[in-house]
Amino acid sequence: MDAFSPIPALTGGVLIGLASALLWLGNGRIAGMSGIFGQLLPPARTVVWRLVFLVALVLGTLAASWLIPGLGVGGPGGAPAQLAAPPPGWNVPAPLWIAISGLLIGFGTKIGNGCTSGHGVCGIARLSRRSFVAVGVFFSVAILTVAITGIV
Amino acid sequence: MAANLRLPYLATAAISGLLFGAGLYISQMVDPLKVLRFLDFTAIPAGGWDPSLAFVIVPAIAVMFVAVRISRTRRAPLFDAQFHEPEFHHIDAPLVGGAALFGIGWGMSGICPGPAISLIAFWPDNLLIFLIALFAGSYAGALVIPSGRDKRLALAR
């Protein structure tokens, strides 16, 4: 058990659920991250609330790291946040590895209409058949990718 | 004024974003290495696996599930004329292929789109490269697959 922390995990999960519930019951919008930022790009129609949400997302992360310091990475009491290094022995520069990862995530979530939040939290909660398929596929492929690359 | 520019609507978006961001920090899903330790199922036999992500997503789904049940008894959300529920129900190649490509990218870095944005708060090295690539990939995807409800529904007919 490497740094397994059930109480913060459950607390954070409830907050993410409340955030999604609020956006749904208040504004009738699905709190899907890839959708919220993906539709900022042209031909964007509803930009303002998406920007407000994303700025608040960053501020919420920052504020929580000051109010409850030292939970892990980030904030005054935490370790510095780091992105993953490419797997040992692959000989790929870190920026290139990160760029390929970002391209695949951006492209994949756009054509697949969602990510961990939109399909994973909201879609499963709506009992959407498409979301069950998407979640099964992206979790399996991600687990396989980690096993094959040996990045951890 | 359009419904989505009124103050209660924007305040709801802001509070939702704040709660979501706080949740990502408190659960530490903002840490890509922690997410990778969940995705590393090869560590299960040795006992080094970190199951935290499951303990985050299950209560999140449970809370949202209750909200969806409540919404089924209402005609509209509080601050807009309708629930923007996806009307596209086909399991098609873009869904499966897109999820697979996302899975590869997610397994390479441990970053999904929510934490990608919230990591701006802590600004680790190479995050800017990641975000530019994320937006570029999303834009490329929009060129390949028609985006938006009307176009997807038209495609399905």
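The values are calculated or read from the model by the stated rules, or taken from the named source; none is laboratory data. The shown structure was predicted, so the numbers you read here are calculated from the model rather than taken from an experiment. Counting neighbours? That spans all protein chains shown, and the Cβs are built from the backbone with ideal geometry, glycine included.
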- Which helices (runs of 4 or more DSSP H) sit wholly inside the range B:1-76 and have at least 1 residues that are of a type in the set (G, A, S)? B:7-26, B:52-72
- Identify all residues within the range B:48-92 that are under 23 Å from A:G112 (Cα atoms) and aromatic (F, W, Y); write none if there are none. B:F65, B:F83, B:F88
- Item | Every residue from the range A:127-152 that is touching a Phe, Trp or Tyr at 6+ places or on another chain (Cβ under 9 Å), assigned to a helix (DSSP H, G or I) and under 16 Å from B:P86 (Cα atoms) | A:R130, A:A134
- Out of (1) free of Cβ contacts under 8 Å to residues at least 24 places away in the same chain; (2) in contact with an Asp or Glu (Cβ under 7 Å, 6 or more places away or on another chain); (3) of a type outside the set (D, E), the odd one out for A:G72 is which? (1)
- Candidate set: the range B:69-80, residues that are surrounded by fewer than 19 Cβ atoms within 10 Å (Cβ to Cβ) and hydrophobic (A, V, I, L, M, F, W, C); chosen: the one nearest to B:R37 (Cα to Cα): B:I70
- Message: Just checking, does the range A:62-71 include any residue being among the hydroxyl-bearing types (S, T, Y), over 15 Å from the mean Cα position of the chain (by Cα) and crowded, with 23+ Cβ neighbours inside 10 Å?
- Response: yes
- Note on the structure: The lone condition B:F38 fails out of (1) farther than 18 Å from A:G136 by Cβ; (2) crowded, with 24+ Cβ neighbours inside 10 Å is (1)
- Query: Which condition number in (1) hydrophobic (A, V, I, L, M, F, W, C); (2) farther than 21 Å from A:L10 by Cβ; (3) assigned to a helix (DSSP H, G or I) is the one that A:I124 fails?
  - Reply: (2)
- Among (1) buried (at least 16 other Cβ atoms within 10 Å of the Cβ); (2) at pLDDT 95 or above, which single condition is A:R129 missing? (1)
- Message: Given the criterion at the interface with another protein chain (Cβ under 7 Å from one of its Cβ atoms), buried (at least 24 other Cβ atoms within 10 Å of the Cβ) and either in contact with a strand residue (DSSP E or B) (Cβ under 7 Å, 6 or more places away or on another chain) or more than 18 Å from A:V92 (Cβ to Cβ) (or both), identify the matching residue among B:G105, B:G141, B:G110.
- Response: B:G141
- In the list B:L5, B:L24, which residue meets the criterion of being more than 29 Å from A:T11 (Cβ to Cβ) and facing another protein chain (nearest Cβ under 7 Å)? B:L5
- Exactly one of A:V92, A:V121, A:V152 is more than 22 Å from B:A142 (Cβ to Cβ) and touching an Asp or Glu at 6+ places or on another chain (Cβ under 6 Å), and that residue is A:V152
- Note on the structure: Restricting the range A:39-90 to residues that are among the aromatic types (F, W, Y) and modelled with pLDDT of 95 or more, the one nearest to B:S118 (Cα to Cα) turns out to be A:F53
- Query: Inside the range B:44-75, can you point out the residues that are over 20 Å from the mean Cα position of the chain (by Cα), more than 7 Å from chain A (Cβ to nearest Cβ) and among the aliphatic types (A, V, I, L, M)?
  - Reply: B:I44, B:A46
- When the range B:56-83 is checked residue by residue, the ones that are free of Cβ contacts under 8 Å to residues at least 24 places away in the same chain and under 14 Å from A:L22 (Cβ atoms) are B:V63, B:M64, B:V66, B:A67, B:V68, B:I70, B:S71, B:P77, B:F83
- Task: Would you please name the residue that is nearest to the other protein chains (Cβ to nearest Cβ), looking only at residues in the range A:132-149 that are surrounded by fewer than 19 Cβ atoms within 10 Å (Cβ to Cβ) and over 10 Å from B:G107 (Cα atoms)?
- Result: A:V133
